[in-house]
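Chemist: Pasting a structure here, questions to come.
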Amino acid sequence: MKARVFGLLAALTVGVSGAAGQALPVSASPSAEAPSLGKVMTGPSSSVFAISSSGAVTRTSGTAVRITNTGTSVPTVTVTCNIQSGNTCSTGTVRIVVTAASTSRASITSFTASGLKCDGATCQSITGTTGPAPSLDFSVRAPGKQKAVTFTLPMEVTIAATPTTGNAVYRYNVSASVN
């Protein structure tokens with residue numbers, strides 16, 4: 001069966017509740033339908049596709065076949081420390097959480113925060129899970145006012161063995177806060 005498989009980025013700006021953290025804006029490029037696996041012919045079993053930080057796509061298990069034989073664009077996530085009052089963007093900690101959203105036919109089973117940069121340089125004081133893992137929860141030293149934390153988001157996507165033809169959409173959420 002042929003299926004058109006898209007990754008749909010749902011970048012959310014959600015903060016950690018309570019007085020400890022202030023929400024930060026999150027953006028991704030490319031947005032919307034990225035990364036896309038292109039056309040996939042499903043097989044009798046579930047299949048896993050790995051999308052590397054360079055955009056190369058490899059089937060790591062299963063029997064599905066990608067009809068589209070090109071790489072894809074891996075999202076670059078940007079978290080901007082835009083808190084103007086106080087010194088939290090200069091002396092605080094930025095917490096970033098990445099989770100897979102529930103979907104029916106396709107799902108993200110693993111993420112990695114790759115190429116982590118703070119204001120274009122190596123981030124300091126990285127703690128937590130940067131992957132590969134089903135969800136990420138990590139913190140870095142804040143990069144400074146109006147400066148950004150950036151990373152690419154390679155992932156593994158599982159496509160279920162279903163007789164469905166059409167779009168198989170997978171989503172994820174990114175939230176960030178500073179304290």
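The values are calculated or read from the model by the stated rules, or taken from the named source; none is laboratory data. Bear in mind the structure is a predicted one, so any value in this text is a computation, not a measurement. Glycine gets a Cβ as well: all are built from the backbone with ideal geometry, and neighbour counts include every protein chain shown. Remember, those area values only see protein heavy atoms, side chains included, never the ligands or the DNA or RNA. Shrake-Rupley method; radii C 1.70, N 1.55, O 1.52, S 1.80 Å.
Chemist: Using a 10 Å cut-off on Cβ atoms, rank the peptides 56-62, 75-81 from the highest mean neighbour count down.
Modeler: Result, highest mean Cβ count within 10 Å first: 75-81, 56-62.
Chemist: Still on this structure, please answer the following. I'd like to check one number: the per residue accessible area of region 50-138, probe 1.4 Å, reported in Å² as a whole number.
Modeler: Each residue of region 50-138 exposes 48 Å² on average to a 1.4 Å probe.
Chemist: Which percent of the accessible heavy-atom area of region 26-81 goes to carbon and sulfur, probe 1.4 angstrom?
Modeler: 51 percent
Chemist: Which of the trypsin sites (Lys or Arg not before Pro) found in region 75-164 are loop residues per DSSP with 16 or fewer other Cβ atoms within 10 Å of their Cβ?
Modeler: Passing sites in region 75-164 are Lys145.
Chemist: Where the only charges are on Cβ atoms (+1 Lys, Arg; -1 Asp, Glu), what is the dipole of region 27-179 about its Cα centre, to the nearest 20 debye?
Modeler: 80 debye
Chemist: Another question, then. Once every Cα of region 49-100 carries one equal point scatterer and solvent is ignored, give the base-10 log of I(q)/I(0) from the Debye formula at q = 0.24, 0.30 Å⁻¹, two decimals.
Modeler: -1.00, -1.19
Chemist: What do you get for chymotrypsin sites (Phe, Trp or Tyr not before Pro) in region 99-179 restricted to DSSP loop and a cutoff of at most 15 other Cβ within 10 Å of the site's Cβ?
Modeler: none
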